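Here's the structure, in structure tokens; my notes come after.
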Amino acid sequence: MQRRILGALAVLAAALPLASHADVMNYSYAELGYIDTKLDGDGFDVDGDGLALRGSLAVNPNFFVFAGYQDLDFDLDVDVSLLEVGGGGHWPLSDKVDIVGKVGIFKAELDAGPFDADDDGLLLGARVRGLVAPKFELEGGFDYRDLDDAGDKTTIVLEGRYFFIDNLAGGLSVSIGDDVTSLGLNLRLTF
């Protein structure tokens, strides 16, 4: 499975220079989304969904700060909230393709009836982001989370968004990890 995802990322990176859109990608945005998540680990299989908020603010031409929050409700009365904050940078490979890196902190809270657990740690991420057609962006890469109690987790992330107007886009996202798969539908407002 990961071999196919890495192959898809290679195809994405090869296709990005073919973009014909002249606009510059924006790193100041607010995004609201719906997420459907499946946890599939040793001895458990749980589905959940919920809302996600995330945003980014450009602080100079190549750097930004970001924040994200997810509130997910799973089967068996399990609730999970995730919070991340940090900063990052982007560097152009061409006028339509950027390499993006980010670093931050990550906090997870789990409530399951009388059971309550919190965990936090470090977040690192790397992406390739580019304009592949007029009004259409693709982004792909990975996020690495090193949590204090739960250990380290790496997820492959693929996103696509279409700009209906200059500053409003609808998007789809897929995030795949060892025991977590998430699909998202979102609306992004750039400013």
Any idea which of (1) open to solvent by 50 Å² or more (accessible area, probe 1.4 Å); (2) touching a helix residue (DSSP H, G or I) at 6+ places or on another chain (Cβ under 9 Å); (3) farther than 28 Å from Asp166 by Cα is the one Val46 doesn't satisfy? (1)
Would it be correct to say that Val85 is touching a Gly at 6+ places or on another chain (Cβ under 6 Å), open to solvent by 30 Å² or more (accessible area, probe 1.4 Å), over 26 Å from Asp40 (Cα atoms) and assigned to a strand (DSSP E or B)? yes
Listed by first then second residue, the pairs whose first member lies in the stretch 45-68 and is within 19 Å of Gly171 (Cα to Cα), whose partner is among the polar types (S, T, N, Q) and assigned to a strand (DSSP E or B), with beta carbons under 6 Å and at least 6 positions apart or on separate chains, are Ala52/Gln70; Phe66/Ser56
For Ile105, indicate whether it is in a strand (DSSP E or B) and open to solvent by less than 50 Å² (accessible area, probe 1.4 Å). no
Residue list for the stretch 94-136, restricted to those being under 18 Å from Ile156 (Cβ atoms) and in contact (Cβ under 8 Å) with a residue 24 or more places away in the chain: Ile99, Val100, Gly101, Lys102, Phe106, Leu123, Gly125, Ala126, Arg127, Val128, Arg129, Gly130
The condition from (1) at pLDDT below 85; (2) open to solvent by 40 Å² or more (accessible area, probe 1.4 Å); (3) not polar (S, T, N, Q) that Leu9 misses is numbered (2)
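The values are calculated or read from the model by the stated rules, or taken from the named source; none is laboratory data. What you see is a predicted model; the values in this text were computed from it and never measured. We place every Cβ from the backbone using ideal geometry, glycine too, and count neighbours over all the protein chains shown. For the accessible areas, the whole protein counts, side chains as well, though only heavy atoms, and no ligand, DNA or RNA atoms are used. Shrake-Rupley method; radii C 1.70, N 1.55, O 1.52, S 1.80 Å.
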